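Coordinate-derived values only; no laboratory data. Computed from a predicted structure; not experimentally measured. Neighbour counts are summed over all protein chains in view; Cβ atoms, including those assigned to glycine, are modelled from backbone coordinates with ideal geometry.
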């Protein structure tokens with residue numbers, strides 16, 4: 001095999017075998033900190049389209065071969081696939097990296113209507129004013145990639161978490177619904193988490209109506225429909241948690257964009273999700289192309305665009321994390337408060353029933369006053385029984401919802417990131433800060449953002465929305 005560096009064969013070797021010993025890791029700013037011999041290149045599989053300058057093989061130009069598969073074929077020889085059936089061959093070989101990227105591309109291709117309006121909103125969040133005309137096309141392309149992935153992530157996230165997860169009052173629900181309609185012309189959604197968790201107290205209510213309030217056949221039927229429907233819906237929705245992966249990719253693209261605008265040609269895949277390659281390495285794989293595009297942009301910029309990076313990324317993210325910290329902290333406290341109120345309310349109601357039963361056994365304790373208590377409780381006995389069963393079920397709804405939405409965990413994480421970005425903003429606004437030191441801060445804040453998002457992704461992938 002030809003050992004010369006830089007050709008097709010060399011690129012294939014790096015993809016299939018790894019090549020962290022290359023001198024380029026020591027000499028190029030794009031690979032700062034990425035040359036560890038213990039780190040692994042996101043290896044194989046590889047779809048090789050033959051385009052030989054000199055015909056050295058019996059395979060004609062355009063032949064497609066899958067290399068690096070765990071099959072009996074030679075690691076370097078691979079298996080031949082038809083060009084128009086390449087994805088089918090990948091699926092047959094159970095190569096999930098390509099399939100997941102293809103799924104994301106198809107989801108982006110299906111964006112329309114309200115998604116297009118949301119896409120425009122997301123583009124507006126990426127402020128990149130003052131970029132020279134020669135770099136605007138490259139910047140625009142990276143912004144469109146980030147916004148498209150972010151929109152797809154939000155689309156799937158709404159299906160799972162809904163639009164009102166962080167609304168604390170009826171007024172906030174109404175204001176949130178009006179804002180969504182104004183920006184995207186989309187009807188707000190409740191989300192699978194709300195529908196499934198709310199089914200717990202609702203099914204309990206229907207069953208208690210059947211058991212104690214003469215609800216009869218309709219109440220029992222409603223109980224079976226609500227509880228059975230919730231379980232079925234949860235089974236159907238549990239596997240579709242792609243918004244987490246897509247959100248992680250969107251964050252990687254955001255960091256990649258602003259690294260490039262800092263004239264810092266580092267590649268996000270070299271710093272991101274290093275410990276999760278086996279599980280979600282496809283995200284790093286998909287970021288390789290944008291990383292090369294961003295590196296070209298960074299090399300074309302003579303100096304970092306400090307104002308654009310500081311205002312459009314650092315200040316913007318500091319504001320975002322501060323607002324998100326407050327929202328999630330308030331949601332966690334509010335949810336815990338309601339959980340405790342309904343839980344102890346159920347205990348108190350059950351205690352009333354216990355006193356009633358005790359007095360039935362020992363009516364002489366309160367004498368004539370006992371009969372008044374009997375008459376009062378007898379009139380409302382069935383309703384009190386229903387209430388005693390319903391209140392803990394509502395408490396369970398809040399407990400399950402808090403666990404799935406992880407408000408408290410997110411509030412702590414966002415508080416940390418708010419402090420990090422605020423500190424970065426203070427340093428970047430120092431007049432005497434050199435461009436080299438500015439790029440150093442950009443590199444560190446980017447790595448902090450990637451590390452925080454990787455932790456978020458891993459935790460939420462393990463916090464699955466599935467039957468328990």
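Before moving on, here are some points about what is shown:
- Normalised by residue number, the volume inside the convex hull of the Cα atoms of segment 107-462 is 176 Å³ per residue.
- Simple label model, 7 Å out from Cα along Cβ direction - residue 461 to residue 422, nm: 3.2
- Most tightly packed first, judged by the mean number of other beta-carbon atoms within 10 Å of their residues, the peptides 258-264, 144-150 read 258-264, 144-150.
- Measuring max minus min along each principal axis, the C-alpha atoms of segment 109-259 give extents of 76, 33, 24 Å (largest first).
- By average C-beta atoms within 10 angstrom, highest first, the peptides 403-415, 129-141: 403-415, 129-141
- Computed label-point distance, nm, for sites residue 433 and residue 190 using a 7 Å Cα→Cβ extension: 4.7
- Packing-based ranking, highest mean first, of 430-441, 186-197 given that Cβ atoms within 10 Å are counted: 186-197, 430-441
- Cα convex hull of segment 372-459 - mean projected area over all directions, nm²: 9.4
- Segment 107-462: relative contact order as a whole-number percent, Cα under 8 Å and 6+ apart: 22
- With 0.36 nm allotted per residue and the present C-alpha distance subtracted, the residue 99-residue 344 stretch has 83.3 nm of extension available.
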